[in-house]
Every structure is written in structure tokens, then in C-alpha cells.
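Report on one structure; see the data block that follows.
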Amino acid sequence: MSLRIEALHKSFGATPALRDLSLELPARSFVAILGGSGSGKSTLLRIIAGFETADAGRIMLDGQDIAPLPPRLRPCAMMFQSYALFPHLSVHENIAYGLRRAGTYQAARVRELLELVGLAGLDSRRPAQLSGGQQQRVALARALARKPPLLLLDEPLAALDAGLRAATGAELRRLQRETGTTFLMVTHDQQEALGLADLVAILHGGRVAQLGPPQQVYARPATRFVAEFLGAANIIGNHALRPENIRLGITGTVPAHVLRAGFRGETWLLECRTADGTALRVALPAGAPPPPEGSAVMLSWDVAAMVPLGA
Amino acid sequence: MIRAGAVAWLALLVAAPLLLVLVIAFAVPDEGLPPFRLPWASEAPNESWALLTADAFFLSALARSVLLAAVTALLCVGLSYPMALGILRAQPRLRAWLLGLCVLPFAIGFVLRMGAWIGLLRDSGLVNRLLIELGLASEAWQMLYAWPALLAGMLHSYLPFALLPLYAALAARDPALEEAAADLGASPFTAFCTVTLPASAAAAGAAFLLVFIPAVGEFVVPELLGPPEALLAGRAIWQEFFQSRDWPLAAAASVALLGVLLAPIILWQRLERR
């Protein structure tokens, strides 16, 4: 399976949602589309699924343009943010729905899927009788039932409690590996995107601002937007500098004083101001107490840590 | 306080009239005002219940009423689905206007609306004149005082009772449900039958009952548009009350009608709880 999106364009009225967006996904990969609200990420997913029609462009799935097909004839499957489980059907029938439409229903296949998502034995429950995490897994099993080559996931973890999110994310990753399905996940959460995906595409204003492995887009942001969107990067002139790449000590090259210290759990994020008035954010390991607010510090960093930014 | 008020309200406006009707149903008809004697003040036995089932007159009127109400309610619900789904597909700004257009005729008096049907359907009415002008008919086609005219009037009178609850239920549904069905390979028709319809079944049941219950007792529309031979329960009760002045019989028929109406309500509540 390979998905290649070519020059996709979509406007709602006078407002463009996607601007000549092109994107290529390698087979059997886990790709995250990361963007804020209004970035066009949901529109992109809905166009691939067929719920919205693009004004221009092609969606090539294994060499075939699926853009003219109605949703039901597209080989991809979608997992909805609201899960969209059929409230009047049992868990078993929810998962069987796609199989029945295709005429390939087998009770054994449904039970196999329930086992795959760790819900064996819950066949006869109604969606309303399940917890949020269980509903999420039924939605996943339903989407995977027909072994789609491409699974679209719309904010799959957004509706879960923070505590469940990490475990469920790892579960998604395991399922992606086990099924060999290409996962295309839309999210606004950078931690989620960086932590789960093989490739991250950052969307900004209807375009792909950067596409690359998580480590690369984090360490080498291509644009100022990417640098700021992924972590609290400092922008110095035409360069980005990560807060964790700044050293703080008695010796250093840049004198500054501490304005504020914010506790982040694993780190302290210090807001400092240098002698020439530049604001810099500095991350410190949370083991030791931070320097008091107002105190003078010396900052230093490697020139190699300064990442040059594109437009 | 509020609870006591509600109980008093129900007792005054629901229980008391009902009790009155029930008592009259067991009374004996008499000359004078009111034209009956209370059951304990009369030596003659109450005959209204025996009369009710003595011949097929009331029972067939009741059966016709139930059938007409069921057909009306079914057609109202059937028409409401495409209307509600169509309105919901429109731009959000337009929806209130479209819904308003559906309900607007009800700002006009009921009798005027029925009068409009008479104007349309009578022998020298608009439709017949048009048919003759266009050469599609050589003489007037008798449309008024027939079952189709009656049904048209019933639908026109009761449609909002089905449309509004169904619209509210369909507006509150997750639009992703139908998208999920399409995504899983369902055609629009299959998605409607397997998802939209069953997921809104409770609202459809409510809409059906909201039309069915008042429609069973309807007697103005059949009077104005229906065939003369179509004796319905409402008209039968009216005749007993105002023409024969047999109040106990009319009251007994009313109680029987109420009994018939309780059955679907209880059934529906059972289904709802499930």
C-alpha cells in the first residue's frame, strides 16, 4: 500500500483549508499529521476518507486515484474522534457491520478482532455499557475488520483520560505493527505525534510545513512555525534553539537574569532575559531547585545547537 | 409546593373530567337537563355498555378510526424523515427558515386550512378546473368527500406533530454515524435502513404516537373532507352526544376509545424502558 497525495486543494467559501498539499506515505508506516486548529488536518483526513470533496488534486492509493470514489468504495477505513459506534447495535454487530456489507461476515473473525483489541467476551454489550477506553477499542476493531490497507485515525486519543492515553497510544503502535496497516493519525498533541509515529507531517495554513521522523522534525525544524509548535523553542534571529540545549551556570558566555521559573514536572522552564533584552527559555532538570527569580546567571550553548530556519 | 401544585393541576384538569365521563358512562339517559340520571339515582339499568357492543356500529367506527389514525401517523412519520433529513442538510442559517416554512401553515386557522382543501378539490375547484382546461379530463372528477381527500387533510393537520420531534432527534444525532456506515461500505440507502432509522426508532415511535392519539378521535377533518359513509369514532360520539342526546352512550364510547388509546402508550413505554 502506498498513499500519495498530489496537489490537494480545498476551500470552504473564500477560506482555503488546504493549499496544493502534497504528501507521500511509505507503506506499513505510522504517520502523524500534526497541526493546530484551522491547520486543515481534519479536512485532509475527511477528504481522504471521502466525506469532503477536494476542489483539485489527486489521492493515489496503490496507483489508483480514489478521489472520484464515494466513501463506501474506498479501501481505507476511518476511526472517528467520537468513535461513532452504532448505539443500537451490540459490540459484536458493530464490528461485524463492515463485514456484513461486504458479505464476508464470520463470527470467528469478529471474535478474533475482539481478542486483538483485548475485549474478548464483550460481544453482546451495547456501546453505552462500555467505558471510554473500551469504546475506543471497539471503534478500532470495527475499522480494522476488513483489513484495510490504510487506517485513518481522527484524534484517536483525544477523548480519553490522560492516564489512559499513554497506554492506549502504545496499544495503537502495537496494533499497527501487528496488522501491517498504514496508520494515518491526525492529532493536535505534539507529544502524541512524536511519541507514536514513524513520520510526522506538521501542517500549517493548509500546507505541509515539514515531514520527517520525529527526532528530525524536533531537532531540525525547517521553519519558525515548526520550531515553536514542537516545544518552546527560542528563536534567535533566523535560528531556533531548544531550551534544553542551553546550559546554565556560573561560567558561560551570555549574562542574563531569571524572570520566572515554571515547573513542568520533569523540568523547570526558566524565562530569562539577556543583557541585550533577548528573552530566552531554558530547561533545567527538575532534580535541583531552580535559581531564584531575579538572580543573575550565565548562559551558554553550542553553536551546532542553533538550527537555521527556512521561511 | 411545586409537586402539590402539579398534583392539584392534574386532579382538576385530567382526573376530574375523566371521572365525570366515567360516571356518566354508567348513568341512564333521561329527558331534561342534563339528559341523564346518575347511576345511583335511577331504577332503570344502565344499557350504554351493552349498546356499544350490541351491533357493529360503534366497533366498526372504532376500527375505521384506528386504521385511519394508524395510516395517518405512518405517513406523517414517513414524510417527516426525508423532510427532517433534508432540512438538516441545508446550511445551519437556512434550517430555522425551512422548519418555519413547514410549521407556517399552522399559523392559519384550522378551519381555513381545511377550507382551502375544499376549494382545491371540489368539483368546480382549482384542480378540476385545471384538469378540464388542460384537456386531461372531460368532466369534474369527484375528489372531495372521499378517502384520499380525507387523508390529505389528516396529513396536513398532523404533520408537524411528527416532524418536530423527529427533527429534534435527528438534529441531536452524531452525523459521524452515517459517515461511519458509509466508510464501512454501506450505500446511502443501506446506511439509512441500518443506522439512521434504528438509531432514531424511539423518536419515530414518539412521533407516531403524537399523531396517532389525537388522530383516532379526530372528527372535524372527516366531517369536512371525508366520504359520508366513513363513520368514525369521533363522529359517532358526536352524534350520540348532540343529536341522539344519549350522553351515557357517548360517554361509554369515549371511555372505550380511551382504552384503545392506552394500549399503544403502555406498549411504547415498555419498549422505551428496554
Checklist entry - Let a ≥ b ≥ c be the square roots of the eigenvalues of the Cα gyration tensor of segment A:1-146; is it rounded (a/c under 1.5), or, if not, prolate (a/b larger than b/c) or oblate? => result prolate
Checklist entry - Rounded to a whole number, what % of the accessible area of segment B:160-274 do carbon and sulfur atoms account for, probe 1.4 Å? => result 69
Checklist entry - Looking at the protein assembly as shown from every direction and averaging, what is the projected area of its Cα convex hull in nm²? => result 42.9
Checklist outcome for this item: Note: A:70-79 gets an average of partner chain Cβ contacts (10 Å, Cβ to Cβ) equal to 4
Checklist outcome for this item: Counting sequence-distant residues (5 or more places) and residues on other chains, those with an amide H built under 5 Å from that of B:Phe36 are B:Asp30
Next on the checklist: Going by average Cβ density within 10 Å per residue, which order do the peptides B:264-273, A:182-191 take, highest to lowest?
Outcome noted: A:182-191, B:264-273
Checklist outcome for this item: Binned at 10 Å starting from 0, the alpha-carbon pair-distance distribution of chain A in whole percents comes out as 6, 23, 27, 21, 13, 7, 2, 0
Item to check | R0 of 56 Å, Cβ-Cβ distance B:Val14-A:Asp189: FRET efficiency to nearest 0.05 | outcome: 0.50
Checklist entry - What accessible area, summed over both chains, is buried at the B-A interface (1.4 Å probe, Å², nearest 100)? => result 1600
Checklist entry - Any idea what % of Cα-Cα pairs in segment B:55-135 are farther than 21 Å? => result 61
Checklist outcome for this item: For segment A:78-226, the percent of accessible surface on carbon and sulfur atoms (probe 1.4 angstrom, ligands and nucleic acids excluded) is 49
Checklist entry - Taking a probe of 1.4 angstrom, what is the accessible area of A:Ser42 in Å², to the nearest 10? => result 50
Checklist outcome for this item: Once phi for every residue in segment A:247-262 is put through the Karplus expression 6.51 cos²θ - 1.76 cosθ + 1.60 (θ = phi - 60°), the whole-Hz ³J(HN,Hα) values, with Gly and Pro written as x, are 9, 10, x, 7, 9, x, 10, 10, x, 7, 10, 7, 8, 8, 10, x
Next on the checklist: Within 10 Å of each candidate Cβ there may be at most 11 other Cβ atoms; applying that plus a DSSP loop requirement, which trypsin sites (Lys or Arg not before Pro) in segment B:1-69 survive?
Outcome noted: none
Item to check | HN-Hα J in Hz across segment B:156-171 - Karplus 6.51, -1.76, 1.60, θ = phi - 60°, x for Gly and Pro | outcome: 4, 6, 10, 3, x, 5, 8, 5, 5, x, 5, 4, 4, 5, 6, 5
Checklist outcome for this item: Per-residue ellipticity at 222 nm attributable to helices in chain B (runs of n ≥ 4 DSSP H, -39500 (n - 2.57) apiece, nearest 500 deg cm²/dmol) works out to -21500 deg cm²/dmol
Checklist entry - Translational D (Stokes-Einstein, µm²/s) of segment A:40-99 at 4 °C and 1.567 mPa s when Rh comes from the Kirkwood sum over C-alpha pairs? => result 99
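Averaged across A:81-88, how many Cβ atoms of other chains sit within 10 Å of each residue's Cβ atom?
Average neighbour count from other chains, rounded to a whole number: 6.
Based on the alpha-carbon gyration tensor of chain B, what equivalent-ellipsoid semi-axes (square roots of 5 times the eigenvalues) come out, in whole Å, largest first?
Values: eigenvalues 308, 165, 57 Å².
After diagonalising the Cα gyration tensor, the semi-axes are 39, 29, 17 Å.
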Next on the checklist: Please check segment B:177-194 for residues whose accessible area, probe 1.4 Å, is lower by 30 Å² or more when all protein chains are in place than in their chain alone.
Outcome noted: B:Leu177, B:Glu179, B:Ala180, B:Ala182, B:Asp183, B:Leu184, B:Gly185, B:Thr194
Checklist entry - Anyone know which of A:Asp161, A:Asp65, A:Asp198 comes out most mobile in the 10 Å Cα GNM of chain A? => result A:Asp161
Item to check | Karplus (6.51, -1.76, 1.60) ³J(HN,Hα), θ = phi - 60°, over segment A:27-40, in Hz, Gly and Pro reported as x | outcome: 5, 6, 10, 10, 10, 10, 9, 10, x, x, 5, x, 7, x
Checklist entry - Just the accessible area per residue of the protein assembly as shown, please: how many Å² with a 1.4 Å probe? => result 50
Next on the checklist: Please compute the Kirkwood hydrodynamic radius over segment B:1-94, one decimal place, Å, based on all pairs of different Cα atoms.
Outcome noted: 18.3
Checklist entry - Cα centroid distance between segment B:1-80 and segment A:242-298, in Å? => result 85
Checklist entry - Which order do A:Arg101, A:Arg58, A:Arg242 take when ranked by solvent-accessible area (1.4 Å probe, heavy atoms of all protein chains), largest first? => result A:Arg58, A:Arg101, A:Arg242
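The values are calculated or read from the model by the stated rules, or taken from the named source; none is laboratory data. Since we're looking at a predicted model, the values are computed, not measured. Virtual Cβ from ideal backbone geometry, glycine too; neighbours counted across all protein chains shown. We work out accessible area using only protein heavy atoms, side chains counted, and drop any ligands, DNA or RNA first. Shrake-Rupley method; radii C 1.70, N 1.55, O 1.52, S 1.80 Å.
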